[in-house]
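Scroll down for the structure; my scribbles are underneath it.
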Amino acid sequence: MAQEVNMRDVVDCLKQIMYPGFDRDIVSFGLVKNVQASNGHVAFSLAFSTQDESTRRQITMTAKEAVERMPGVQDVQITGPPPGQSATAQGPAAGQHGQAGQPGKIELPGVKTIVAVASGKGGVGKSTVSVNLSAALADAGASVGLLDADIYGPSIPTMMGVKDQPGVVGQKILPMIAHDIKMMSFGFLIPEDQSVTWRGPMVHQAVQQLLRDVLWGELDCLVIDMPPGTGDAHLTLTQSVPLTGGLVVTTPQDVALIDARRGVAMFQQVNVPILGIIENMSYFNCPHCGERTDIFTTGGGRRASEALGVPFVGELPLDPAVCLAGDQGTPIVRRDPESQQTEAFRRVAETLRTSIGV
Ligand SMILES: Nc1ncnc2c1ncn2[C@@H]1O[C@H](COP(=O)(O)OP(=O)(O)O)[C@@H](O)[C@H]1O
Ligand SMILES: [Mg+2]
């Protein structure tokens, strides 16, 4: 039986297509955006900067044929860039010479996929989502790593209930392991009472070190809890790791749409596929009667997804038990595996597993 094709397979396939006249593929040039794959239906857009009709046609046809030939693909839709994105369209600049390879990228050979969890601003539940998604992925049988790249406010040590210092072998740091998840955080390396003022380049270097100098070993998925915001440091960071894709966490209010849009744009700028938007604190389930109450304006995350042309991965309830579990060092997915909250995290993890193929 043909295996279901996922987003990563499609991106890998498109990486084989060279830009005409260049020794560099169309993905690394940033042409390919918004890749989606579900049940054999594949869609992506090609954000051309060139006005040359024959180059555009040649790339479009080659890309379509290549993806159509993939086992499990039923149909392929190629669209232009979503409205408002033409300014970020990519391609070789005039006079640019083709060059293979991406200098400065850190290779993590044993790590199959890397997923960055980002948000336009802090406090929307990025760490909570990272921790519980990691646990749900591990429950589904994946070997999972969790990198706390939020060096401004590392909360993974607290949320995972780990305080010790990591061991060192030679020049390498051993990841801490808790709840079947390998993890690393600056919170393990810097005493809690010591504050560090990070500037852009330092953020970049610090996070590179956590990636390069940690013995991650074999992982199906490395989840990165990104620093809040979308500044330059994030851009360099997303460029220095071969990211499989990015998730953007938001809350349901319409004002959050602006932040979600910024988060999505950050990934798009560096040509990281958008795995989708997750809406956290979407609704409240009454613990007494089970009735669902929407506390904020509803559907902001879904509307943002539609407006931006990216997948909507799911919604997660606002629940004191989620917060308490995090504060006490055991993610809700582990603390209360049968709960509705856990079920919501599992659904999001399943969608993620399908799209990254782990
Ligand atoms: N779905 C949720 N239900 C209840 N509390 C939540 C939920 N998501 C996050 N929180 C709480 O909100 C606060 C901020 O979440 P956190 O994951 O630290 O956000 P971020 O990493 O984006 O700054 C934490 O106290 C956390 O426990
Ligand atoms: Mg956080």
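Rule-based calculations on the coordinates, nothing more; no lab input. Since the model is a prediction, treat every value here as computed from it, not as a measurement. No Cβ is skipped: glycine too gets one built from the backbone with ideal geometry, and neighbour counts run over all protein chains shown.
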Treat the count of other C-beta atoms within 10 Å as a stand-in for reagent exposure and order Ser28, Ser130 from fewest to most.
Ser28, Ser130
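In region 111-356, what percentage of the DSSP-assigned beta bridges are antiparallel, given to the nearest 5?
Details: 7 of 36 bridges.
Approximately 20 percent, going by the DSSP bridge assignments.
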Karplus (6.51, -1.76, 1.60) ³J(HN,Hα), θ = phi - 60°, over region 42-48, in Hz, Gly and Pro reported as x:
10, 9, 7, 10, 10, 9, 6
Order these peptides, 4-12, 47-55, by their mean beta-carbon neighbour count within 10 angstrom, highest first.
4-12, 47-55
Points 7 angstrom from Cα along the Cβ direction at Arg302 and Arg212: gap in nanometres?
4.5
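Which of the helices in the chain meet the span-like rule: DSSP H, Cα axial reach of 15 Å or more, Kyte-Doolittle mean at least 0.0?
On the way: long enough: 53-68 (22 Å, -0.98); 126-139 (20 Å, 0.53); 200-212 (18 Å, -0.04); 256-269 (20 Å, 0.19); 340-356 (24 Å, -0.68).
Membrane-span-like by this criterion, though nothing is claimed about a membrane: 126-139, 256-269.
With charges only on Cβ, +1 for K and R and -1 for D and E, what is the dipole size of the chain about its Cα centre, in debye, rounded to 20?
Working: 27 positive and 36 negative charges, 136 e Å.
With only Lys, Arg, Asp and Glu charged at Cβ, the dipole is about 660 debye.
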Can you sort Cys221, Cys289, Cys13 from fewest to most other Cβ atoms within 10 Å of each residue's own Cβ?
Cys289, Cys13, Cys221
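Considering only DSSP beta bridges whose two residues both sit in region 7-88, what percent are antiparallel, to the nearest 5? Mind dumping the intermediate values first?
Numbers: 6 of 11 bridges.
Counting only bridges with both partners in region 7-88, antiparallel ones make up about 55 percent.
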Can you list residues whose amide H is under 5 Å from Ala178's amide H, if they're 5+ apart or on another chain and H is modeled 1.01 Å from N?
Met183
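Can you quote the Å³ per residue value for the convex hull of the Cα atoms in the chain, rounded to an integer? Before the final figure, lay out each step's value.
On the way: hull volume 52.5 nm³, N = 358.
Cα-based convex hull of the chain, divided per residue, equals 147 Å³.
Applying 1/(1 + (r/R0)^6) with R0 = 30 Å to the Cβ-Cβ distance of Asp180 and Thr293, what FRET efficiency is obtained, to the nearest 0.05? Walk me through the numbers on the way to the answer.
Working: r = 34 Å, r/R0 = 1.13.
Efficiency for this residue pair is about 0.35.
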Can you return the lysines within cross-link range of Lys15? Criterion is Cα-Cα under 23 Å, with same-chain partners fewer than 8 residues away left out.
Lys33, Lys64, Lys105, Lys112
Lys64-Cys323 pseudo-label distance in nm [points 7 Å out on the Cα-to-Cβ vector]
5.2
Positive-pole candidate from Ile190, Val310, Pro228, dipole of region 111-356, charges at beta carbon:
Val310
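Hey, fewest Cβ within 10 Å first, where do Val249, Val270, Val124 land in order?
Details: Val249 30, Val270 16, Val124 23.
Least crowded to most crowded, the residues run Val270, Val124, Val249.
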Nitroxide proxy distance, nm - points 7 Å out along Cα→Cβ at Leu189 and Ile258:
3.5
